[in-house]
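The values are calculated or read from the model by the stated rules, or taken from the named source; none is laboratory data. Because the structure is a prediction, the values reported are computed rather than measured. Ideal geometry is used to build each Cβ from the backbone, glycine not excepted, and the neighbour counts take in all protein chains shown. Protein only, heavy atoms only, side chains kept; ligands, DNA and RNA dropped before computing areas. Shrake-Rupley method; radii C 1.70, N 1.55, O 1.52, S 1.80 Å.
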Amino acid sequence: MENVRIRQWLNLLVCALLLLISEASYVPITIVQNAVAKGAVCLDGSPPAYHFDKGFGSGINNWLVAFEGGGWCNNVTTCLARKTNRLGSSKQMAKQIAFSGILNNRAMFNPDFYNWNRIKVRYCDGSSFTGDVEAVNPVTKLHFRGARIFNAVMEDLLAKGMKNARNAIISGCSAGGLTSVLHCDRFRALLPRGARVKCLSDAGYFINAKDVLGEQHIEQYFSQVVVTHGSARSLPQSCTSRLSAKLCFFPQYLVSRITTPIFFVNAAYDSWQIKNILAPGVADPEGHWHSCKLDINNCSPDQLDLMQGFRTEFLRAITVLGNSSSKGMFIDSCYAHCQTEMQETWLRSDSPELKKTTIAKAVADWFYERRPFHQIDCPYPCNPTCHNRVFDPQEDHPGKNVTAKGTSDASATKSNFPKLTNKVRWIELVCINRGISGLLLTLVLLNKME
């Protein structure tokens, strides 16, 4: 009996791995060499880059431009730390990356955008594409040119056909989600007047809230980012004409003035914001929040109360959107960060839902104006469809300020032996329906590994 069960799990495991492979396509990198002459370069002076999967069929004139996330650097020290990795140099970027979720090129995983021109713009400036400092320090040789990278990449894409767009979306996750907010109206102005152009921000609604010690840590941090990168001139004038530039890095102070339709996908208990705004390392030197931040199931009643308070602040901050159908939202109660570019949270049999609607359907219905979507989830832990993140202990330890490191895209899950869940049954059914045997799957998988 035990041997049968083990064999069953091995077959399902191989099948699941193959399905995961098929859930994403790999897209090669494009280096924008001519951007260097324009001064549009990464922190280390290397040219910017993106990955471009061309549209086909009815989607040939539709464009989705997604901006990569990865936190920020707020001073010379933290920017130098990025200079030698992919977040500061195109020389260190992978030559190809996986496109999944909203970037997927298969209708079954991404029914409304699969055949669009889909672009992932790599992040190597540390300022959400807002920096613009002409001078280059001869010692550090750091370049703060994020705004120029945005312009250079847009020029390149317009020349490759985006100037003829009929439908277009600027999107992004985390720091990339903030990019789609800050550049929303600017993106719209680049495209034909008759085109349907909208903005999508995933986990980019960072709020100006006090930490557990009552300090304005994140406001100070964003202020340092703006000063270091010379971002003030690149932030929306509709905000900087009224408020200090440091506040215009927070969506809550500028979204009411954005004229282009925009949709927000965000967790009310955003894991990055809990770890870096509510309980950053500098506010928790003894590491009392360490275990809680790794896994929400480890949080004490007092910590959960503070997180409920953070949710209340988040909802208050996002009410400035109002009830206009042009501004949509999917605010779930998951402990998560970035949900549109992961297949499991974008569209799968067990994806998060609000009002029995997945993120993929909510965004598509709103974009194509089939119906508005403006939903806020009930408080944690009410939503059984959530995919709550569980982090590796190495990603966060007592005293570590993750904000300064700018690591917003790492995740991990527990490796407990699973039960026969609906997800496993779904995998099994898909394998059977596709006529995939365990032996064939193993051969294919081994071939992939060679």
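When you filter the GluC sites (Glu not before Pro) in region 240-342 for DSSP loop state and at most 10 other Cβ atoms inside 10 Å of their Cβ, you are left with 286. If Lys and Arg each add +1 and Asp and Glu each add -1, what is the summed charge of the other residues whose beta carbon sits under 13 Å from the beta carbon of residue 38? Surrounding charge for residue 38 is -2. Taken per residue, the accessible surface of region 40-185 reaches 31 Å², heavy atoms only and a 1.4 Å probe.
Carbon-plus-sulfur accessible fraction, region 144-213 (probe radius 1.4 Å, protein heavy atoms only): 45%.
When 97, 31, 274 are compared by accessible surface with a 1.4 Å probe, the order from highest to lowest is 31, 97, 274.
If a/c stays under 1.5 just call it rounded; otherwise compare a/b with b/c (prolate if a/b is bigger, oblate if not). Do that for region 295-390, with a ≥ b ≥ c from the square roots of the Cα gyration tensor eigenvalues. Taking the square roots of the gyration eigenvalues as a ≥ b ≥ c, region 295-390 is oblate. In the complete set of protein chains, residue-level accessible area for residue 54 is approximately 140 Å², probe 1.4 angstrom. When nucleic acids and ligands are ignored and a 1.4 Å probe is applied, residue 244 ends up with an accessible area of around 60 Å².
Extension gain, residue 159 to residue 350: 0.36 nm times the residue separation minus the Cα-Cα distance gives 64.8 nm. For region 196-273, the solvent-accessible area with a 1.4 angstrom probe is 32 square angstrom per residue. Counting only DSSP beta bridges whose two residues both lie in region 258-372, roughly 25 percent are antiparallel. Measuring nothing but how far apart in sequence close Cα pairs (under 8 Å, 6+ apart) lie, relative to its length, region 164-277 scores a relative contact order of 30 percent. Give me the aspartates and glutamates in straight-line cross-link reach of residue 327: C-alpha distance below 18 Å, same-chain residues under 8 apart excluded. Answer for residue 327, where 18 Å is the Cα cut-off: 185, 202, 365, 369, 377, listed by chain and number.
Once both labels are positioned 7 Å from their Cα atoms along Cα-to-Cβ, the gap between residue 96 and residue 323 label points is 5.0 nm. Which pairs break 19 Å Cα to Cα here: 95/120; 54/120; 293/356; 120/356; 54/83? Flagged as over cut-off: 293/356; 120/356; 54/83. Residue 163: which aspartates and glutamates have alpha carbons under 13 Å from its alpha carbon, excluding same-chain residues fewer than 8 sequence positions away? By straight Cα distance, residue 163 reaches 155. Across region 126-168, Cα pairs under 8 Å and at least six residues apart give a relative contact order of 33 percent.
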